[in-house]
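Heads up: the structure comes next, in structure tokens.
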Amino acid sequence: MSERPGGAATDQAAVDPPAPVDALRGPGADALPPAPHLLVTGGAGFIGSCFVRQILARGDGTRITVLDKLTYAGDRANLAPVEADPTQAARFRFVRGDIADPTVVDPLVGDVDAVVNFAAESHVDRSILGPEAFLRTGVIGVHVLLEACRREAERAAAGTRPGPRRRLRRAPRFLQVSTDEVYGSVPVGHSHEDDRLDPRSPYAAAKAAGELLVRSYVVTYGLDAVITRGSNTYGPYQHPEKLIPLFITNALDGQPLPLYGDGLQRRDWLHVTDHAGAIEHVLHHGASGETYNIPGAAERANRDVVAALLARLGKPWSLVRRVEDRPGHDRRYAMDGSKLAGLGWRNRVSFEEGLAATVDWFRANEQWWRSIRTGDWDSYYERQYGARLAHGLPAADIASGPGPNEGR
Ligand code: NAD
Ligand code: DAU
């Protein structure tokens with residue numbers, strides 16, 4: 001990773017693609033027509049559903065079709081606020097299906113101005129237990145979406161792509177939602193968009209592969225595409241397998257909180273409404289072929305995040321168990337956000353207010369998370385945490401005090 005300003009160009013900058021024809025839409029210009037129709041894949045998940053709820057609640061004429069396979073992580077209840085409001089529901093359609101299935105994808109892409117791809121297997125620990133589904137969705141699925149966009153771009157170039165009100169549509173824009181995990185662990189400094197990719201888990205490798213496919217379609221076919229790399233996201237409707245919701249819901253039930261290793265791994269926390277807002281901003285204003293980091297500007301050690309959520313809940317640190325670490329656990333992620341700031345985006349939610357509101361949301365929405373912590377949840381939990389918790393230790397020694405990365 002290079003520190004800016006004055007950071008040396010990296011090896012990846014040397015292979016930056018030539019500007020494709022569609023890149024004439026530079027930063028600042030709006031890449032989409034007014035009142036666009038968006039295909040949001042993975043829109044029943046945590047971040048995708050926030051993106052959909054946020055846009056439709058604004059009522060600016062945007063229409064959204066969600067395509068979601070409804071894996072264990074997808075939940076139509078996440079879209080209930082949209083479906084319950086007749087004015088929003090009129091601009092919304094839900095299709096259950098797999099992004100890796102061209103018979104489902106092709107007709108849907110044929111009718112939209114942009115595809116925003118949130119669909120992925122998203123949990124690192126599950127990728128360690130079984131990587132295959134990550135590759136199927138993250139590589140084959142992305143390829144199917146890109147092929148559909150390529151075909152539509154050809155139709156647009158030939159003037160045979162029908163749009164609403166007998167107008168012709170331009171080629172669809174493609175936005176790939178990616179992650180800071182593609183940079184790998186970042187011991188010091190901050191990752192920049194042209195830094196080398198160094199994914200270290202099957203999840204991160206699948207995300208990096210998806211990005212490279214997108215890039216290849218920009219270079220080879222001149223596809224209009226942008227990529228975002230978001231940092232650790234938290235907020236309402238997050239699946240309780242992830243650190244913050246897992247620890248909140250376990251603590252509410254008085255169950256142990258399985259903290260990996262020494263708890264001094266560092267993540268940069270981004271509220272889900274800011275992540276979704278930044279993705280929409282890049283969708284409209286990002287330059288084709290470009291990648292944009294979305295940092296949270298809230299770098300914290302895991303231990304300190306856990307202490308903060310316990311304080312909000314009024315629960316004791318004695319619930320925390322120090323358990324066997326995640327294999328290949330990335331120690332730290334941190335990204336530079338100046339490129340996105342240059343597009344005019346600013347996050348709005350501080351970590352302190354966002355975490356407090358998230359704790360309160362989970363406390364108030366017990367039915368939502370209890371319905372997820374049923375069925376396959378118990379077997380997953382046993383596989384992931386059974387032996388860990390059986391051999392876990394009290395974590396009193398890491399409750400507070402400076403860690404090795406503190407004070408940077
Ligand atoms: P999530 O697991 O909550 O949601 C993923 C959604 O995709 C689910 O609704 C699921 O049913 C759907 N899906 C999975 N495979 C599919 C397929 N083959 N076809 C159609 N739908 C499918 O994930 P999330 O946390 O909301 O993450 C969304 C995206 O953001 C992912 O691409 C993830 O890599 C990326 N991301 C997440 C974070 C984070 O901290 N959560 C941070 C940066 C980037
Ligand atoms: O950084 C972006 C990524 O953030 C996204 O791309 C992923 O989709 C998302 O899941 C998230 O990945 P992480 O692995 O960072 O998130 P997770 O919530 O699984 O873990 C956060 C930290 O907490 C990590 O250092 C591991 C630790 N942890 C996690 C769990 C689930 C624990 O100590 N105990 C746990 O039980």
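Structure above, values below:
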read-out: Cross-chain or 6+ apart pairs with Cβ under 8 Å, region 66-79 first and more than 16 Å from ligand 2 (Cβ to nearest atom), then part of a strand (DSSP E or B) and at pLDDT below 95; value: none
read-out: Failed criterion for Ala204 (all others in (1) closer than 20 Å to Pro102 by Cβ; (2) assigned to a helix (DSSP H, G or I) hold); value: (1)
read-out: Residue tally, condition touching a helix residue (DSSP H, G or I) at 6+ places or on another chain (Cβ under 8 Å) and either more than 16 Å from ligand 1 (Cβ to nearest atom) or of a type in the set (A, V, I, L, M, F, W, C) (or both), over region 271-289; value: 8
read-out: Residues satisfying the stated conditions in region 149-201, i.e. part of a loop (DSSP other than H, G, I, E, B), under 15 Å from Leu223 (Cα atoms) and among the acidic types (Asp, Glu); value: none
read-out: Pro240 vs. criteria within 15 Å of ligand 2 (Cβ to nearest atom) and buried (at least 24 other Cβ atoms within 10 Å of the Cβ); value: no
read-out: Residue, farthest from Ile279 (Cα to Cα), within region 331-390, restricted to residues that are surrounded by 13 or more Cβ atoms within 10 Å (Cβ to Cβ) and among the β-branched types (Val, Ile, Thr); value: Ile372
read-out: Region 189-229, residues that are among the small types (Gly, Ala, Ser) and farther than 30 Å from Asp325 by Cβ; value: Ser216, Gly222, Ala225
read-out: Only one of Ala44, Ala57, Ala73 that is under 15 Å from the mean Cα position of the chain (by Cα) and surrounded by fewer than 24 Cβ atoms within 10 Å (Cβ to Cβ); value: Ala73
read-out: Flag for Val272 being more than 10 Å from ligand 2 (Cβ to nearest atom), under 20 Å from Thr358 (Cα atoms) and touching a strand residue (DSSP E or B) at 6+ places or on another chain (Cβ under 6 Å); value: yes
read-out: Residues (outside any helix (DSSP H, G or I) and under 21 Å from the mean Cα position of the chain (by Cα)) located in region 240-272; value: Pro240, Glu241, Lys242, Gln265, Arg266, Arg267, Asp268, Trp269, Leu270, His271
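Let's see how each residue does on (1) over 29 Å from His192 (Cβ atoms); (2) in contact (Cβ under 8 Å) with a residue 60 or more places away in the chain; (3) within 23 Å of the chain's Cα centre (by Cα):
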residue: Ser318; (1), (2), (3): yes, yes, no
residue: Arg321; (1), (2), (3): yes, yes, no
residue: Asp325; (1), (2), (3): no, yes, no
residue: Met335; (1), (2), (3): no, yes, yes
residue: Lys339; (1), (2), (3): no, yes, yes
residue: Val349; (1), (2), (3): no, yes, yes
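The values are calculated or read from the model by the stated rules, or taken from the named source; none is laboratory data. Not measured: the values here are computed from a predicted model. Reconstructed Cβ throughout: ideal geometry from the backbone, glycine too, with neighbour counts over all protein chains shown.
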